[in-house]
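Student: I have a structure here, written as structure tokens, and I will follow up with some questions on it.
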Amino acid sequence: MSEQNGAVNLTINNNIGTIEFYHPKGNSLPGAILRKLAQTITEAGENDDIRVLVIQSRGDGAFCAGASFDELIAIDDYDTGKEFFMGFALVLNAMRTCPKLIIVRVHGKTVGGGVGIAAAGDYTFAEEKADIKLSELALGIGPFVVGPAVERKVGKSAFSALSIDATNWYDAEWALENGLFNKIFGSTYDLDQAIRALASELAKSSPEAMKNLKAVLWKGTEDWDLLLEQRAEISGRLVLSDFTKNFIKKFKNK
Amino acid sequence: MSEQNGAVNLTINNNIGTIEFYHPKGNSLPGAILRKLAQTITEAGENDDIRVLVIQSRGDGAFCAGASFDELIAIDDYDTGKEFFMGFALVLNAMRTCPKLIIVRVHGKTVGGGVGIAAAGDYTFAEEKADIKLSELALGIGPFVVGPAVERKVGKSAFSALSIDATNWYDAEWALENGLFNKIFGSTYDLDQAIRALASELAKSSPEAMKNLKAVLWKGTEDWDLLLEQRAEISGRLVLSDFTKNFIKKFKNK
Amino acid sequence: MSEQNGAVNLTINNNIGTIEFYHPKGNSLPGAILRKLAQTITEAGENDDIRVLVIQSRGDGAFCAGASFDELIAIDDYDTGKEFFMGFALVLNAMRTCPKLIIVRVHGKTVGGGVGIAAAGDYTFAEEKADIKLSELALGIGPFVVGPAVERKVGKSAFSALSIDATNWYDAEWALENGLFNKIFGSTYDLDQAIRALASELAKSSPEAMKNLKAVLWKGTEDWDLLLEQRAEISGRLVLSDFTKNFIKKFKNK
């Protein structure tokens, strides 16, 4: 896979598995990369050399610009639409069912599906510059697939606000206060120190205890394989609407 | 309906429906006004000229002083008691089942049922002077009807605190931190600017996407028609107790 | 029961029942004391002279150091392990099913099961020095028994953080922001003034209304008798693992 289409890499050090995803367009994620990311998470979950996972993205720009806009504007039938939105469903379900605790490292701005990845982490560290936005409604769709993951962490009020106020950024401080992030830092150095400290601690902790803790933390989400697919179907239908088609037409003519 | 008994008005501008309720006694709400408010919300939900709703109250005093005390002190049988408490149940269920997103504008102090209206908004803006209180327990009843709406937004801990600590005001900053309000402003001007900006944005957004978002945000509340009626029955019984009768007697003798 | 093995005392004044627990080792709680605490809570719930309960611990050191470490290191079979972890389950279920509202007074540091007691209060006051920690994972177990009580108050994000980051203290400000504490104070004097004010208010409030409010606040937890027992079984198995045995061996050799 050429790096211009994005990349997903897994490295293992001292029982810490680090998964890095990348795409040249702001770490936005096309379907092929999302599927590779989901598969890599699942395989890391089965790898006995790994006791704790860290998910991060490359560079010092955006953490994740969300789903790939190039793919979005090419959708013209329901099956393609549903498949498009299933990408993040597969990643979120892989994170959910992974028996290892997952730390997410959010170094920069995050949109849409990327907010879902931040939310699906078991402990999420971020930098203070990591503003977030759920911009889906502005495109005539909605944050339906990532919704359950985001609401699980931030609650009904903050999820309502984020999903309805689709054109404004919410800053990292807001994300911290509302539980999307667990700790925020003023520099990449401090961010990485904190992640290293927790990951090292967990790499020495009881795998059996962590497996039970992971199961307890995600209890009640057993229906998400089906639920997130149903959510992808809602978005897959909405994306075919005149509203979204007109939005895309305007965007193409810019 | 004469304005001295209160009023409910709906105006429509640029696909934004604005519902204003009013009562001369601090915008407290008698049963007739609550029923008219519920009906107006339902009709606005069915009106294709309206894409987003704003609920506000008149004046620059209290946003809502809760249920009508004049009616409360006249209750002396269970059926009247239940019917009294059903008023806010009807309003909350109308807000819940309305297929349009609802913005609530809380410009001042809010008590009891008014806190429920603030909580049932999909995005709630408030002024910094908008202190809140759930005073029900002090009267020998409890915030049973509004409870599900308030807890849905602020969570178990904040709802416990509000409902148990029934004689103290909690300020708008507290309401913001706990998710009852989504944004607060230092002036009415700023409040209205922010509401206009979001309402205008939503009036241009995809009605179909917003309808799906509304359904997703309220998923899991399908039993509220029955639940809020059961809650009205609890309050309808409690209001007949010696405790409440004595409270009312003292109040009348003041 | 000699005080060197700990103590539980109930006093009643002006319809306020105050339960104080004590253990010379930082108010850590052996199984016998936990069972006496659970029983005292249940009896206070049935005592008509009591309208509201306050739970506190003795001294100005730790509020509660959690389960007794002396007992933990002596466990070498599953039945003993399960019985050990059932202690806090009994206390939490006694608090949950008590028909009276319960105020908890957290005057100092709190660990593990003590965090569960703070969480199971209906209104929890604390001092600013009351740091908290869920250290279970560091011992090869997990906060499984207290988990439902803690998550009910602080939500999924904060509970995930506390349970995963098992070696770090979280301060009282964090506990307040996340709903574990409802109010915090800079001095013991202010703490006690606030508790007296609320307890006195509730002692004058309608017992029937408070009983209904308590039921409403705990609705949805009816399965906790079974759930917390299942959680005690998870911990009872984990505590027999090589990981915990090695941890204990190192501890004994210190």
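Please treat every number below as a calculation from the coordinates, not as lab data. Owing to the predicted nature of the structure, the values given are computational and were not obtained by experimental measurement. Ideal geometry is used to build each Cβ from the backbone, glycine not excepted, and the neighbour counts take in all protein chains shown.
Student: Which ones in the stretch B:165-178 are among the hydroxyl-bearing types (S, T, Y) and either buried (at least 24 other Cβ atoms within 10 Å of the Cβ) or in contact with a Leu (Cβ under 8 Å, 6 or more places away or on another chain) (or both)?
Tutor: The initial filter retains those residues of the stretch B:165-178 that are among the hydroxyl-bearing types (S, T, Y), namely B:167, B:170.
Residue satisfying the conditions is B:Y170 alone.
Student: For the stretch C:178-196, give me the residue count where each residue is within 11 Å of chain A (Cβ to nearest Cβ) and of a type in the set (V, I, T). Spell out how you get there, then give the answer.
Tutor: Quick first cut of the stretch C:178-196, residues within 11 Å of chain A (Cβ to nearest Cβ) only: C:178-179.
Keeping just the survivors that are of a type in the set (V, I, T) gives none.
Looking only at that region, the number is 0.
Student: Name the single residue, out of those in the stretch C:125-134 being away from chain A (no Cβ under 11 Å) and part of a loop (DSSP other than H, G, I, E, B), that is nearest to C:G112 (Cα to Cα).
Tutor: First pass over the stretch C:125-134, keeping only residues away from chain A (no Cβ under 11 Å): C:125-133.
Those left that are additionally part of a loop (DSSP other than H, G, I, E, B): C:128-131.
Details: C:E128: 18, C:K129: 17, C:A130: 13, C:D131: 12 Å.
Within the stretch C:125-134, the match that is nearest to C:G112 (Cα to Cα) is C:D131.
Student: Of (1) in contact with a Ser or Thr (Cβ under 9 Å, 6 or more places away or on another chain); (2) β-branched (V, I, T); (3) not in a loop (DSSP other than H, G, I, E, B), C:T80 satisfies all except one. Which?
Tutor: Only one criterion in (1) in contact with a Ser or Thr (Cβ under 9 Å, 6 or more places away or on another chain); (2) β-branched (V, I, T); (3) not in a loop (DSSP other than H, G, I, E, B) is unmet by C:T80, namely (1).
Student: Any chance you could count how many residues in the stretch B:52-77 are under 12 Å from B:I117 (Cα atoms) and either among the acidic types (D, E) or in a loop (DSSP other than H, G, I, E, B) (or both)?
Tutor: Residues that pass the stated criteria total 3.
Student: How many residues does the stretch B:179-221 hold that are of a type in the set (G, A, S), free of Cβ contacts under 8 Å to residues at least 12 places away in the same chain, exposed (fewer than 14 other Cβ atoms within 10 Å of the Cβ) and not in a helix (DSSP H, G or I)?
Tutor: Pass one, the stretch B:179-221, residues of a type in the set (G, A, S): B:179, B:186-187, B:194, B:197, B:199-200, B:203, B:205-206, B:209, B:215, B:220.
Cutting the leftovers down to free of Cβ contacts under 8 Å to residues at least 12 places away in the same chain gives us B:197, B:206, B:209, B:220.
Checking the rest, the ones that are also exposed (fewer than 14 other Cβ atoms within 10 Å of the Cβ) come to B:197, B:220.
Narrowing further to those that are not in a helix (DSSP H, G or I): B:220.
Selection size over the stretch B:179-221: 1.
Student: Residue by residue through the stretch A:135-175, note down the ones that are in contact (Cβ under 8 Å) with a residue 60 or more places away in the chain, in a loop (DSSP other than H, G, I, E, B) and not aromatic (F, W, Y).
Tutor: A:S135, A:G140, A:I141, A:G142, A:V145
Student: Among the candidates C:K25, C:K36, C:K82, single out the residue that is surrounded by fewer than 22 Cβ atoms within 10 Å (Cβ to Cβ) and under 14 Å from the mean Cα position of the chain (by Cα). Don't jump to the end; show me each part of the working.
Tutor: Details: C:K25 fails: under 14 Å from the mean Cα position of the chain (by Cα); C:K82 fails: under 14 Å from the mean Cα position of the chain (by Cα).
Being surrounded by fewer than 22 Cβ atoms within 10 Å (Cβ to Cβ) and under 14 Å from the mean Cα position of the chain (by Cα) holds for just one of C:K25, C:K36, C:K82, which is C:K36.
Student: Filter the stretch C:100-112 for residues that are under 22 Å from C:A44 (Cβ atoms), in a loop (DSSP other than H, G, I, E, B) and either more than 14 Å from chain B (Cβ to nearest Cβ) or without any contact (Cβ under 8 Å) to a residue 24 or more places away in the chain (or both) and give the result. Please lay out each step first, then the result.
Tutor: First, pick out the residues of the stretch C:100-112 that are under 22 Å from C:A44 (Cβ atoms): C:100-107, C:110.
Filter once more, so that each one left must be in a loop (DSSP other than H, G, I, E, B): C:100, C:107.
C:H107 - this is the single residue of the stretch C:100-112 that is under 22 Å from C:A44 (Cβ atoms), in a loop (DSSP other than H, G, I, E, B) and either more than 14 Å from chain B (Cβ to nearest Cβ) or without any contact (Cβ under 8 Å) to a residue 24 or more places away in the chain (or both).
Student: Out of the residues in the stretch A:123-164 that are of a type in the set (D, E, K, R) and crowded, with 23+ Cβ neighbours inside 10 Å, state the one that is nearest to A:K82 (Cα to Cα). Lay out the reasoning, then the answer.
Tutor: The initial filter retains those residues of the stretch A:123-164 that are of a type in the set (D, E, K, R), namely A:127-129, A:131, A:133, A:136, A:151-153, A:156.
Still in the list and also crowded, with 23+ Cβ neighbours inside 10 Å: A:136, A:153.
Working: A:E136: 15, A:K153: 25 Å.
Ranking the qualifying residues of the stretch A:123-164, first place goes to A:E136.
Student: A further question on this structure: Are any residues in the stretch A:162-177 touching a strand residue (DSSP E or B) at 6+ places or on another chain (Cβ under 6 Å) and within 8 Å of chain B (Cβ to nearest Cβ), and if so, which ones? Break it down stepwise before answering.
Tutor: Applying the first criterion (touching a strand residue (DSSP E or B) at 6+ places or on another chain (Cβ under 6 Å)) to the stretch A:162-177 yields A:164, A:169-170, A:172, A:175-176.
The answer is A:I164, and nothing else.
Student: Sticking with this structure for a sec: Could you look through the stretch B:222-254, keep only residues that are touching a residue at least 12 places away in the same chain (Cβ under 8 Å) and of a type in the set (D, E, K, R), and pick out the one that is nearest to B:A120 (Cα to Cα)?
Tutor: B:D225
Student: Go through the stretch A:23-51 and give me each residue that's among the hydroxyl-bearing types (S, T, Y) and in contact with a helix residue (DSSP H, G or I) (Cβ under 7 Å, 6 or more places away or on another chain). Spell out how you get there, then give the answer.
Tutor: Step one: list which residues in the stretch A:23-51 are among the hydroxyl-bearing types (S, T, Y), which gives A:28, A:40, A:42.
Hits for the stretch A:23-51 are A:S28, A:T42.
Student: Then there's this: Tally time: how many residues in the stretch A:222-254 are closer than 21 Å to A:G116 by Cβ, more than 14 Å from chain B (Cβ to nearest Cβ) and either surrounded by 12 or more Cβ atoms within 10 Å (Cβ to Cβ) or touching a strand residue (DSSP E or B) at 6+ places or on another chain (Cβ under 6 Å) (or both)?
Tutor: Within the stretch A:222-254, residues that are closer than 21 Å to A:G116 by Cβ, more than 14 Å from chain B (Cβ to nearest Cβ) and either surrounded by 12 or more Cβ atoms within 10 Å (Cβ to Cβ) or touching a strand residue (DSSP E or B) at 6+ places or on another chain (Cβ under 6 Å) (or both) number 2.
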